[in-house]
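Note sheet for the following structure.
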Amino acid sequence: MDTTPAREEALALLKRYTKTESLINHALCVEATLRRFARRFSEDEERWGVIGLVHDLDWEMYPEEHCTRTREILTKEGWPERDIRAVMSHAWGMFTDVEPQERMEKVLFAIDELTGLVTATALVRPSGSVLDVKVSSVKKKWKEKSFAAGANRDIIQKGIDMLGLDRDDVIGETIEAMKTIAGTIGLAGTSGEA
């Protein structure tokens, strides 16, 4: 296969290997954020989004073999090597030695952990909503190392540096992307608005 599979196929594959709602929501956050950046950079939004959906495909079932199993699964499913490489690059320095090179790979590397930090920031707000999260709120939580400790700030910053973008800009774009799916990912808050 030379072309990136359709979103429906990627989502079905994700749900075959991932049952935990929070992990599915994370994939949707990464998808939405990659799509937003793809539009910003006039890139292939569908491809970027699909990569976001499957980037953690093996995390729930095979956390010790993260990315190794994803490579096997995507290869077996006939995915293009460039897409497999993109997925592998998000875990550079942790689970793989595949350094992000394409712009999309660098964005994925930067925003993967960042979506988790934004989610955690939204959840501690009185509203429980991403709809009222501000860049300044995320920056404040960024400094609290014990807050959302699993969201590795060094990795996020390394990705931002690779992109040559401003941290506030990347945080803002990530928040705005996540707002578009707030209802789907359970972050619309107490108002119930999407």
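Side notes on the structure shown:
- Hits in region 149-172 (condition: at pLDDT below 95 and in a loop (DSSP other than H, G, I, E, B)): ALA149, GLY150, ALA151, ASN152
- Number of positions in region 1-38 that are over 16 Å from the mean Cα position of the chain (by Cα) and either closer than 19 Å to ALA182 by Cβ or acidic (Asp, Glu) (or both): 3
- Qualifying residue in region 121-131 (condition: within 16 Å of the chain's Cα centre (by Cα) and without any contact (Cβ under 8 Å) to a residue 60 or more places away in the chain): yes
- Some residue of region 22-33 being at pLDDT 90 or above, under 15 Å from THR4 (Cβ atoms) and either surrounded by 15 or more Cβ atoms within 10 Å (Cβ to Cβ) or in contact with a strand residue (DSSP E or B) (Cβ under 8 Å, 6 or more places away or on another chain) (or both): yes
- For region 103-157, the set of residues classified as among the basic types (Lys, Arg), out of contact with any Phe, Trp or Tyr (no Cβ under 9 Å at 6 or more places or on another chain) and within 19 Å of ASN25 (Cβ to Cβ) consists of ARG125 only.
- The set of residues in region 93-117 being among the charged types (D, E, K, R) and farther than 18 Å from TRP48 by Cα consists of ASP97 alone.
- Residue pairs meeting the criteria (Cβ under 8 Å; at least 6 apart or on separate chains; first without any contact (Cβ under 8 Å) to a residue 24 or more places away in the chain, in region 17-37; second charged (D, E, K, R)): ILE24/LYS15
- Just one of the listed residues (GLU60, GLU72) is among the charged types (D, E, K, R), surrounded by fewer than 21 Cβ atoms within 10 Å (Cβ to Cβ), touching a Ser or Thr at 6+ places or on another chain (Cβ under 6 Å) and farther than 23 Å from GLU173 by Cβ, and it is GLU60.
- Residue among ILE84, ILE73 that is hydrophobic (A, V, I, L, M, F, W, C) and in contact with a Lys or Arg (Cβ under 7 Å, 6 or more places away or on another chain): ILE84
The values are calculated or read from the model by the stated rules, or taken from the named source; none is laboratory data. All figures in this text were calculated on a predicted structure; none of them were measured in a lab. In this analysis, Cβ positions are derived from the backbone assuming ideal geometry, glycine residues included, and neighbour counts consider all displayed protein chains.
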